[in-house]
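One structure is given below, encoded as structure tokens.
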Amino acid sequence: MKSKYIFSIIAGLCLSLGSCDDFLDRKPLNIISDADVWANESSVLAYLAQMYDDVQMETNKSMGVGEGYVAHFTDESMRSYTWGVQHNPTFPDNFLNNYNDVYGQGYDDPWAYGKIRRVHEFMEKIPEASLSQTLKDRYMAEAYFLRAFEYFTMVKRFGGVPLIREAQQLTGDIDELKVPRSTEEEMWNFIAEDLDKAIAGLPETVTGAEQFRATKYAAYALKSRAMLYAGSIARYGQVQIGGLTGIPADKANAYFSLSLAAAEAIIGSGKYSLYDKTPDDRAANFQNLFMDQTMHEEAIFVKAYSADKGHSFDMMCNPEGIGTGWTGSACPTGELIEEYEYADGTPGALKISDADGKPIYYDHPEDLFAGKEPRFHATVLYPGCTFGGQLVEIRRGIIGSDGEKVSAVNTTARFEEDPSLTVGGRSGMYVGSTPTGFFLRKYIDPAMLTTASKDRSTSNFLVFRYGETLLNYAEAAVELGGPNDALPKLNAVRARAGVPPKTSVTMDDIRHERQVELAFENLRVWDLIRWRIYTKCATIRYSPLSCPGWTTGTANTCLKKRRGCKMRQKRF
């Protein structure tokens, strides 16, 4: 009886809609056929957009896991919480072994073969797509750029990996799909080849709705970075495991030459320059470089965000007491603070003791940082500065009139001698605020500091910018024995920053400049690894947690060094 009832409904529908065959043969509305995808420019663009979205560009916005960021695995920052792998002081020993804890869970997984397969399918279908030959050539060039980026993501982590050149098909024997690892040298060469193909087919400029797609200069920028990495591995690497990791030392100059040539192509194009819209305020200028949402003169390739595809970086990293949310998820270290020179070009060590070794007493916390170069003020929030028009009040506690120290434990506890003061200040040092005494300013938008802004921040991330290009050129030039060629490029970056020029340049100068200019752009960890000094770094945590003199009002400011980097390098 039930089957007759169902049949009668279908028959009724057939009568009302026309042919029953037409009704039963209709295509599902939520599935697009393969033929339809490649017959329509809009659907091809949608496929291409997914390929762009796939690539791990290592933005601050996308790499957070448990409110932790890659900067925690360097000497750049610490997080403010006592939970999570990034807080564990032994975790850097297992940085690479625990990689999925950092990059898994849906956050930019670096094992990219599923994504590479999408690129290969795109490459196979584009030649037969219903598009003009001009569009086909451009799309194919973008595919080469994206495939090179995917392999770059893996090779800098794992060395030689299986090189898959086309979409594999299972024909019954799964062993046919097993591809052995290529050598690391072969992989870097393949990346260079793909980028040369991309450069040949990509446009020089893009505008309007296309502004965040790759140009030939984005491909040059990736080539400059990738070949610099390869050259460093050849020069500084000591581990050679059958070629799967490591590159013969005699190949270093060839890679450095490729890096320099790619950077030179960008510089020589005249299409880019250092961001310099407010030269009278160098700190504001450097800060605005990262907050300006236009494709400005320094932006070569940008990862863009929007209200419906936003991020929570601002909410996670904002200063305690000013914003809401997690706060303090990337707190700059004392070591980084001291890397920033003073504006007169003198070394950046904080003046905490006089010539006789006696502690210096300051009337106000911010006085300790007076005279620091502009990039420091644009990158770091420190005790006594202002942010979004509000005071960043950071202290570990208060020393009473009897000499006793009262420790900060939360945001509300009042100082008994003067109840108008909270012991820790609005942003003070306790669990959940900052373990170092500093908060991050770079990339943080004061308008996006509330819990309500979670996943709603729209500030873009500069994947490749002209400042890095100049430093890539300078480094490659020094490595090739041409410090005189490097000096103008290094000094251009320093001039924009508002610090005096160098009269000569060494690799130490280059490494220092990269550390302060590119801080929190997620390049530091790879610089340390490619230079093979990750094991030798010594983190210095300035922490009033162990300081005999805390700061409040006219009380003394004292910061104490705590050394002991436990990071271990593993070539993976």
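Of TRP526, TRP326, TRP111, which has the most accessible area and how do the rest follow, probe 1.4 Å? All intermediate terms of the calculation are to be shown ahead of the outcome.
Details: TRP526 5, TRP326 100, TRP111 130 Å².
These residues rank, largest area first, as TRP111, TRP326, TRP526.
Once you treat every alpha carbon in the stretch 148-192 as an equal point and sum by Debye, what is log10 I(q)/I(0) at q = 0.13, 0.25, 0.32 Å⁻¹?
For the requested q values the scattering log ratios are -0.32, -0.86, -1.15.
I'd like to check one number: the per residue accessible area of the stretch 319-452, probe 1.4 Å, reported in Å² as a whole number. List each step's numbers first, then the result.
Working: 5520 Å² over 134 residues.
Per-residue value: 41 Å².
Which three lengths, in whole Å and largest first, does the stretch 271-335 cover when its Cα atoms are put on their principal axes?
Dimensions of the stretch 271-335 along the principal axes of its Cα atoms: 40, 34, 21 Å.
Would you tell me the accessible area of THR535, worked out with a 1.4 angstrom probe on the heavy atoms of the protein chains, in Å² to the nearest 10?
Answer for THR535: close to 60 Å² accessible.
What list of whole percents do you get for P(r) of the stretch 204-344, with Cα-Cα distances grouped in 5 Å bins up to the one holding the largest distance?
Each 5 Å bin holds this share of Cα pairs: 2, 8, 10, 11, 14, 16, 16, 12, 7, 2, 0.
Give the ranking of LYS136, LYS197, LYS178 by solvent-accessible surface, highest area first, calculated with a 1.4 Å probe. Don't jump to the answer; show the numbers that get you there.
Details: LYS136 30, LYS197 100, LYS178 135 Å².
Of LYS136, LYS197, LYS178, the descending order of accessible area is LYS178, LYS197, LYS136.
Where does each of HIS364, HIS377 land when they are ordered by accessible area, with a 1.4 Å probe and the largest first?
Working: HIS364 90, HIS377 50 Å².
From most exposed to least exposed: HIS364, HIS377.
Just how far, in whole angstrom, is the stretch 267-300 from the stretch 399-413 if you go by their alpha carbon centroids?
Their Cα centres are 44 Å away from one another.
What accessible surface, in Å², does a 1.4 Å probe find on CYS385, ignoring ligands, DNA and RNA and rounding to the nearest 10?
Answer for CYS385: close to 10 Å² accessible.
Around GLU297, with a cut-off of 13 angstrom between Cβ atoms, what is the net charge of the other residues, counting Lys and Arg +1 and Asp and Glu -1?
+1
Remind me, what semi-axes does the stretch 436-512 give for its equivalent ellipsoid, largest first in whole Å, using sqrt of 5 times each Cα gyration tensor eigenvalue? Write out the running numbers ahead of the final one.
Numbers: eigenvalues 239, 39, 23 Å².
The answer is 35, 14, 11 Å, longest axis first.
Considering only TYR382, GLY357, CYS331, whose Cα is most displaced toward the positive end of the charge dipole of the stretch 322-384, charges sitting on Cβ of Lys, Arg (+1) and Asp, Glu (-1)?
Working it through, the farthest residue towards the positive pole turns out to be CYS331.
How much accessible surface does ASP194 have with a 1.4 Å probe, in Å² rounded to 10?
Rounded to the nearest 10, that gives 0 Å².
What number does the stretch 291-416 give for Rg over Rh if you use C-alpha atoms and the Kirkwood radius?
On the way: Rg = 18.5 Å, Rh = 17.9 Å.
When Rh is taken as the Kirkwood radius, the ratio is 1.04.
Measuring from the lowest to the highest alpha carbon on each principal axis, how far does the stretch 343-424 reach, largest first, in angstroms?
Result, largest extent first: 44, 38, 18 Å.
The values are calculated or read from the model by the stated rules, or taken from the named source; none is laboratory data. Since the structure is predicted, the reported quantities are computational estimates derived from the model, not experimental observations. With ideal geometry, Cβ positions are generated from the backbone for all residues, glycine too; neighbour counts draw on all protein chains shown. To get the accessible areas, we keep the full protein, side chains included, count just its heavy atoms, and leave off ligands, DNA and RNA. Shrake-Rupley method; radii C 1.70, N 1.55, O 1.52, S 1.80 Å.
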